[in-house]
Amino acid sequence: MTDASPISAQAAAPATKATGLTSAEARQRQASTGANSLPDDAVHPWRVALQQLWAPVPWMLEGTILLELALGKTAEAAIIAVLLVFNAGLGMFQQNRAQATLAALRSRLALTASVRRDDRWKTLPASEVVPGDVVKLSLGAVVPADVRLTSGGVLIDQSMLTGESVPIEAGPGLQTYAGALVRRGEAVAEVTATGERTRFGRTAALVRDAHAVDSQQRAVLRVVSYLALFNGSVIVVLAFYAWHIGMTYAGIVPLVLTGVLASIPVALPATFTLAAALGARALASVGVLPTRLSAVDEAATMDVLCVDKTGTLTLDALSVSAVRPLAGFSTAQVLSLAALASAEGGQDPLDAAIVKAALDGAQPAPAPDTPRLIKFTPFDPATKMSEATFGLEGGAVQRVVKGAPAVVLAIATPPPGAAKIATDLEGQGFRVLAVASGTPEALKLAGFIALSDPPRADSAALVTQLRTMGVRTLMATGDSALTAASVAHAVGLDGAVCPPGAIPESLLPETYAVFAGVLPEDKFKLVQILQKSGHTVGMCGDGANDAPALRQAQMGIAVSTATDVAKSAAGMVLTTAGLAGILAAIKEGRITFQRIQTYTLNSITSKILQVMLLSVGLLVTGQAILTPMLMVIIMITGDFLGMSLTTDHVRPSPTPNVWRIGHLTLAGAIMGVGSLVFCCTVLGVGDFVRGYDIDRLRTLAFVAIVCIKQATTYTNRERRHLWSSRPSAWLVASSVADVAIASTLAIAGIAMTALPIAVVAQTLGAAAVFAFVLDAVKLPAFRRLGIR
């Protein structure tokens, strides 16, 4: 469905006479168009829960639970079930964020409307408004539907939908939209679209449909698929070989179950979640509140950041930027005259900015001739000016006019070059007002006032630092191209402005720096186009008009002054003023990425080692070198204690990270083969030197795997030499715990045949020495594969 079709369908309703619709006509139209409200598409909690349990990663955990139950290990199955429920609960929380955004959007719509029904004005619930209704718009009211003005004039604030920083003057024939706020005046309008067919309704639909592609989930799935492909093939060959050499089914089944357990990175999804949670806690301490844990991971890979202008790069507060007094007038006089023709204490932001500037620049000594207000005429969209008449001491009368330059120049006496001054200011993106003063019959042009929404103090620094971090910044705003280009230049976004019209389907981030005059659906589309071209996209905004793009972006960021709609749609909320939190989020995201990448690399290394060792053991001994019980112990102690890597000391990369699962798998395979050499050597000593039977060899294999996994933990955690940085206290403690548990079980003969303490100690020492051999192998391999 195109953007225009739903509106045009409703707008095609027969024109309404000035008396409005009758109640019967309204009921008939509502029967065909529906209520003027956003639909409630909330999904039942049980259905949401089942959706979280029916996906590839949950299947992996569910399969593990079934295997554990098949082995009679109810305790281990219960542990994994708790993990599964935790991940499902997290997924439900993420889905509920979208529902919270829709609820916040609904709260911004009008609750009641003044409607002409049955030839008289009535106050009705806004949900009963239908296309063709005649409605009255007055000061402070929220526009109940998309309407076209038929009479009167109002100052309309559409910033929450369009992002325009300055309210617009609306008169007969102008279209305005549901959710806009009337700042001044009164008008009558005819309803053209209601409910989901309004521009506001389409924004809500975009939020509901928005779905960011989660690179974390894709990474987990690719790791699992690579391991399943490799290890699954090995397990099939193992089973066939075991059958070929005459092993009974009673021996083949435990062998296959052990191989399957050895292949599943059971703690991988939980590690991603834990790492992101720790990153979120760190961010909360510096004024960044993640509302979606995946946003912490995505911050590391983000290479494009789309930024709203109004309220994000700028302060969302109009102020006087420049005053151009003409001959015979000073800056202070121009501001004072403009303030006399302004409504003090009203809702007009232009008047408020001028009055403030006049007070700030007022002379310390009072003027000897204090004017006395005779008549004040507020801004009229028809005349495009406001004016005031004052009585001066001695009986003289002074008239002051403030308004659009073209209008004021037509009724005042302008000096040569005055029109060019106004044109130059407008060309810089300023909102320009002309001021004239004199007798009621003869006005003299006093000067021009340029107003703008100034950039935040830290916006330019943000753009510069993002550039050094490898993140390209794009501006997307509903404001005009001139205003957008002016602000972009001020903050260091020097690049082309996208021509008006549809955003190109094939778009490179470096093609344009500014997208002006865009609507919520355009921002949403911009994010989607960039994502389809392979970029990880962030979106920073503050208004309801940014909500669809905030929801769609992998890393949606709402500034501290954002509306409740924007905050509920975003993945991160800045809780302190300024934009420094964006940089903190990127840095913490890259730290989190390094920790997750190390754990993933360790997981691949250990899974490949374990399955390959099963193969070698079967070839040498003709029996399974590991039992399901030993594999469960390795999984619980190694995989879960290994999650302490989420606390490790790491260095964030200077540029955006990229998940290269293929390269990571190859690096893990290299380290896994190196570990296999160590384990085979230990088992060879046990078999051929010490003459161990199969039970003791199994215990020795268990000890060797635990020791070499600790060695690869410390080689894999550093991209340089293993001694280049200090590990975290939690990582050291988990290593001690893992070795202590494994050694105690092996020496005491719990769940396995006992080994002498000297053998366990010698294996641990040999693994420590072999770590340096693996470190030497790692450096060129990691460098060649781009693991950084």
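The values are calculated or read from the model by the stated rules, or taken from the named source; none is laboratory data. The structure presented is a predicted model; accordingly, all values stated were derived computationally and were not measured. All Cβ positions, glycine included, derive from the backbone under ideal geometry; neighbour counts span all protein chains shown. Just the protein is used for accessible areas: all its heavy atoms, side chains included, with ligands, DNA and RNA removed. Shrake-Rupley method; radii C 1.70, N 1.55, O 1.52, S 1.80 Å.
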Exercise for the section: Say whether the condition of being open to solvent by 30 Å² or more (accessible area, probe 1.4 Å), at pLDDT below 80 and outside any helix (DSSP H, G or I) is met by at least one residue in segment 220-230. Expected result: no
Practice task
For residues that are in contact (Cβ under 8 Å) with a residue 40 or more places away in the chain, among the small types (G, A, S) and not in a loop (DSSP other than H, G, I, E, B), scanning just segment 536-565, find the one that is nearest to V471 (Cα to Cα).
Solution key: G538
Problem - Failed item, numbered, when A419 is tested on (1) of a type in the set (G, A, S); (2) within 50 Å of the chain's Cα centre (by Cα); (3) in a loop (DSSP other than H, G, I, E, B) - result: (3)
Fill in the blank from the handout: Pairing a residue in segment 496-522 that is under 17 Å from G429 (Cβ atoms) and at pLDDT 90 or above with any residue that is open to solvent by 20 Å² or more (accessible area, probe 1.4 Å) and acidic (D, E), where Cβ atoms lie under 7 Å and the two sit 6 or more apart in sequence or on different chains, gives A513/D494
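What are the residues in segment 759-783 that are open to solvent by 50 Å² or more (accessible area, probe 1.4 Å) and farther than 18 Å from I670 by Cβ, if any? Let's see the steps before the verdict.
Start the filter on segment 759-783 by keeping residues that are open to solvent by 50 Å² or more (accessible area, probe 1.4 Å), which leaves 761-762, 764, 768-769, 772-773, 776-777, 780, 783.
Of everything in segment 759-783, those that are open to solvent by 50 Å² or more (accessible area, probe 1.4 Å) and farther than 18 Å from I670 by Cβ turn out to be A761, Q762, L764, A768, V769.
Condition check ((1) touching a residue at least 12 places away in the same chain (Cβ under 8 Å); (2) open to solvent by 20 Å² or more (accessible area, probe 1.4 Å)) across all residues:
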position: R281; (1), (2): no, yes
position: A295; (1), (2): yes, no
position: T310; (1), (2): yes, no
position: D316; (1), (2): yes, yes
position: A327; (1), (2): yes, yes
Handout entry: segment 472-524, subset in a helix (DSSP H, G or I) and of a type in the set (G, A, S), residue surrounded by the fewest Cβ atoms within 10 Å (Cβ to Cβ)
Key = A490
Fill in the blank from the handout: Counting only residues that are open to solvent by 60 Å² or more (accessible area, probe 1.4 Å), modelled with pLDDT under 85 and either part of a loop (DSSP other than H, G, I, E, B) or under 30 Å from V497 (Cα atoms) (or both), segment 384-413 contains a total of 4
Handout entry: Restricting segment 525-542 to residues that are touching a helix residue (DSSP H, G or I) at 6+ places or on another chain (Cβ under 8 Å) and at pLDDT below 90, the residue that is surrounded by the most Cβ atoms within 10 Å (Cβ to Cβ)
Key = G541
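Would you please name the residue that is farthest from M385 (Cα to Cα), looking only at residues in segment 124-150 that are polar (S, T, N, Q) and at pLDDT below 90?
In the first step, residues of segment 124-150 are kept if they are polar (S, T, N, Q); the result is 127, 138, 150.
Checking which are at pLDDT below 90 leaves us with 127, 138.
Details: S127: 36, S138: 20 Å.
The extreme case among them is S127.
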Practice task
Within segment 181-199, identify whether any single residue is of a type in the set (S, T, N, Q), in a helix (DSSP H, G or I) and open to solvent by less than 50 Å² (accessible area, probe 1.4 Å), and answer yes or no.
Solution key: no
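Would you check if Q597 is touching a residue at least 24 places away in the same chain (Cβ under 8 Å) and either open to solvent by 10 Å² or more (accessible area, probe 1.4 Å) or under 35 Å from the mean Cα position of the chain (by Cα) (or both)?
Values: touching a residue at least 24 places away in the same chain (Cβ under 8 Å): yes; either open to solvent by 10 Å² or more (accessible area, probe 1.4 Å) or under 35 Å from the mean Cα position of the chain (by Cα) (or both): yes.
Here the answer is yes, as Q597 does meet what is asked.
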Handout entry: Complete set of residues in segment 566-599 that are at pLDDT 90 or above and over 25 Å from R467 (Cβ atoms)
Key = R595, I596, T598, Y599
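Return the residues of segment 142-160 that are within 24 Å of T561 (Cβ to Cβ) and in a loop (DSSP other than H, G, I, E, B); say none if nothing qualifies.
Answer for segment 142-160, where residues must be within 24 Å of T561 (Cβ to Cβ) and in a loop (DSSP other than H, G, I, E, B): V143, Q158.
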Handout entry: Residues being part of a loop (DSSP other than H, G, I, E, B) and open to solvent by 30 Å² or more (accessible area, probe 1.4 Å) - total across segment 329-345
Key = 5
Completion exercise
From the option list A766, A776, A746, A761, single residue qualifying as part of a helix (DSSP H, G or I), among the aliphatic types (A, V, I, L, M) and under 46 Å from the mean Cα position of the chain (by Cα) is A776
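This table checks each residue for (1) open to solvent by 20 Å² or more (accessible area, probe 1.4 Å); (2) at pLDDT 95 or above; (3) farther than 28 Å from P628 by Cα.
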residue	(1), (2), (3)
M643	yes, no, no
R660	yes, no, yes
T665	yes, no, no
A669	yes, no, no
L700	no, yes, no
H721	yes, no, yes
R726	yes, no, yes
A729	yes, no, yes
I747	yes, yes, no
Fill in the blank from the handout: Selection from segment 100-117 of residues modelled with pLDDT under 90 and either of a type outside the set (G, A, S) or in contact with a strand residue (DSSP E or B) (Cβ under 7 Å, 6 or more places away or on another chain) (or both) yields T101, L102, L105, R106, R108, L109, A110, L111, T112, A113
Handout entry: Evaluation of A275 against (1) of a type in the set (A, V, I, L, M); (2) touching a Phe, Trp or Tyr at 6+ places or on another chain (Cβ under 8 Å); (3) open to solvent by 20 Å² or more (accessible area, probe 1.4 Å) (one fails), failing number
Key = (3)
Handout entry: Candidate set: segment 277-315, residues that are among the β-branched types (V, I, T) and in a helix (DSSP H, G or I); chosen: the one nearest to the chain's Cα centre (by Cα)
Key = V296
